[in-house]
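This report concerns only the one structure given below.
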Amino acid sequence: MTSREAHTGGCQCGAVRFSVTKLGRGSVCYCRMCQKATAGLGGFYITAKEFAWTRGAPKYFVSSNLARRGFCGDCGTPLTFESGGTTDISIVAFDHPEAVPPEIQLAAEVRIPWGDHLAALPPRPSGDAAIAERFAQIVSYQHPDHDTTDWKVGHER
């Protein structure tokens, strides 16, 4: 996938934001390192060929002799996988992740098998009163899915 349209995104608390104007190929990697780095089934990343940090900057964890991973130092959101001069940004950190889908699977032979069946799990009934009551109590401190000129990080609220 290549695009000249600006795609924006950032971490959960809003301390780190980015803009990408040229994208490469998106991928999902099921290796154990990506699973642990994202606390998920795998890492969903897309190559950022032209990008800039527009607010703050990530901190880094050197995850192997060949790669480092960027994350928000305030909220911990995984942001990048960087190796060999290439920066891949987490697809789910984009404001509109649906616009930057993965196109290839990596390390598919080691994916967690039950992940293939998640869409078949029964959903909780949408009319469940206990769930509706719980959700009504939530006040989100998460940064909105768009750029903001003034934003206090969640822990500063």
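Summary of computed values
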{"quantity": "Order of His7, His117 under a 10 Å beta carbon neighbour criterion, fewest first", "calculated": "His117, His7"}
{"quantity": "Residue among Ser83, Ser27, Ser19 with the largest mean-square fluctuation in a Gaussian network model of the chain, springs linking Cα atoms under 10 Å", "calculated": "Ser83"}
{"quantity": "Fluctuation leader among Asp147, Asp116, Asp74 - the chain, Gaussian network, Cα springs under 10 angstrom", "calculated": "Asp116"}
{"quantity": "Thr149, Thr8 arranged by Cβ crowding within 10 Å, fewest neighbours leading", "calculated": "Thr149, Thr8"}
{"quantity": "Beta bridge orientation in the chain: antiparallel %, DSSP, nearest 5", "calculated": "90 percent"}
{"quantity": "Backbone HN-Hα couplings from phi across the stretch 135-145 [Karplus 6.51/-1.76/1.60, Hz, Gly and Pro as x]", "calculated": "5, 5, 8, 6, 10, 7, 9, 6, 4, x, 7"}
{"quantity": "Entry for mean projected area of the Cα convex hull in nm² (calculated from the structure that is shown) out of [x] 8.3; [y] 10.5; [z] 11.0", "calculated": "[z]"}
{"quantity": "Rounded to whole Hz, the Karplus (6.51, -1.76, 1.60) HN-Hα couplings of the stretch 9-17, x for glycine and proline", "calculated": "x, x, 7, 5, 8, x, 6, 10, 10"}
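Readers should treat all values here as calculations from the given coordinates under stated rules, not as data from a laboratory. All of these numbers come straight from a predicted model, not from anything done at the bench. Backbone-built Cβ (ideal geometry, glycine too); neighbour counts: all protein chains shown.
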